[in-house]
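Reviewing the structure listed below.
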Amino acid sequence: MVTAVERPGRSVELLSGELRVDGTPFVKARAWRMLRSPARVASEYVPPPLPEPREDDFGVFGYARAIEFRYATGGWRELGPAQVWTRLKVAVVEGEQPTPLQRVMVVADSGNGVSAALEWSSHVFINTELSVHFLRPPEGEWVCLDARTEIEQAGLATSVLSDRTGPVARGAQSLFIAKR
């Protein structure tokens, strides 16, 4: 892991991190860190209530075992927008309890999957990048992902990420679309 402050500053700075495998970059991340704003404007968005658990056919692969999904609208096998409450069931760092920020970032990557606009069996829709913009620090273990995917000549999945008190971030994923 290689980390750096690419642009230092008193109010705003650019941070970066790179995970390398055998010297080759495998994952790259950049983040703008800035002072918190003293101004507040309440969001009109209200996340749906946390639903009761229900049987879901999401699957038994790694990611599906790592996260509890409770759909408020939509569903794993339903095409279109979805609202799903999620709870991370495993540690991001072995032996450590996941932080609320880690919980949001893990789920932010699910926007294109929970709101699939095309059938999984006939198409791939791979996110080529993920941008997450935070409004405030998240709280608690539950994260609501309200996601929508749009496809024209390219794809875009957008999401509102909330905790139980309201929105904490917005996510966007550019999607590569192809037939299987």
* Scanning for something surrounded by fewer than 19 Cβ atoms within 10 Å (Cβ to Cβ), in contact (Cβ under 8 Å) with a residue 60 or more places away in the chain and out of contact with any helix residue (DSSP H, G or I) (no Cβ under 9 Å at 6 or more places or on another chain), does the stretch 160-178 turn up at least one residue? -> yes
* To do: Identify, by number, the condition in (1) farther than 22 Å from A29 by Cα; (2) over 15 Å from the mean Cα position of the chain (by Cα); (3) surrounded by 19 or more Cβ atoms within 10 Å (Cβ to Cβ); (4) not hydroxyl-bearing (S, T, Y) that A72 doesn't meet.
  => (3)
* **Selection from the stretch 107-131 of residues that are free of Cβ contacts under 8 Å to residues at least 40 places away in the same chain and aliphatic (A, V, I, L, M)** => A116, A117
* Neighbours by Cβ (under 7 Å, 6+ apart or cross-chain): first from the stretch 133-148, small (G, A, S); second outside any strand (DSSP E or B) -> G140/P100; G140/R164; A147/P81; A147/G111; A147/V114; A147/S115
* Does I126 satisfy the condition of being assigned by TED's automatic domain parsing to the domain that holds E150, more than 19 Å from A29 (Cβ to Cβ) and either under 16 Å from the mean Cα position of the chain (by Cα) or among the hydrophobic types (A, V, I, L, M, F, W, C) (or both)? -> no
* Quick one: is L79 surrounded by 11 or more Cβ atoms within 10 Å (Cβ to Cβ), outside the structural domain of L156 (by TED's automatic domain parsing) and either modelled with pLDDT of 90 or more or within 21 Å of the chain's Cα centre (by Cα) (or both)? -> no
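Go through E150, E94, E119, E78 for me and flag whichever is acidic (D, E) and within 27 Å of V41 (Cβ to Cβ).
E150
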* To do: Could you please let me know if E55 is in the same structural domain as A172 (by TED's automatic domain parsing) and exposed (fewer than 12 other Cβ atoms within 10 Å of the Cβ)?
  => yes
* What is the residue count in the stretch 32-62 for residues that are in contact with an Asp or Glu (Cβ under 9 Å, 6 or more places away or on another chain) and without any contact (Cβ under 8 Å) to a residue 40 or more places away in the chain? -> 4
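The values are calculated or read from the model by the stated rules, or taken from the named source; none is laboratory data. Everything numeric in this text was worked out from a predicted model, so none of it was measured. Neighbour counts are summed over all protein chains in view; Cβ atoms, including those assigned to glycine, are modelled from backbone coordinates with ideal geometry.
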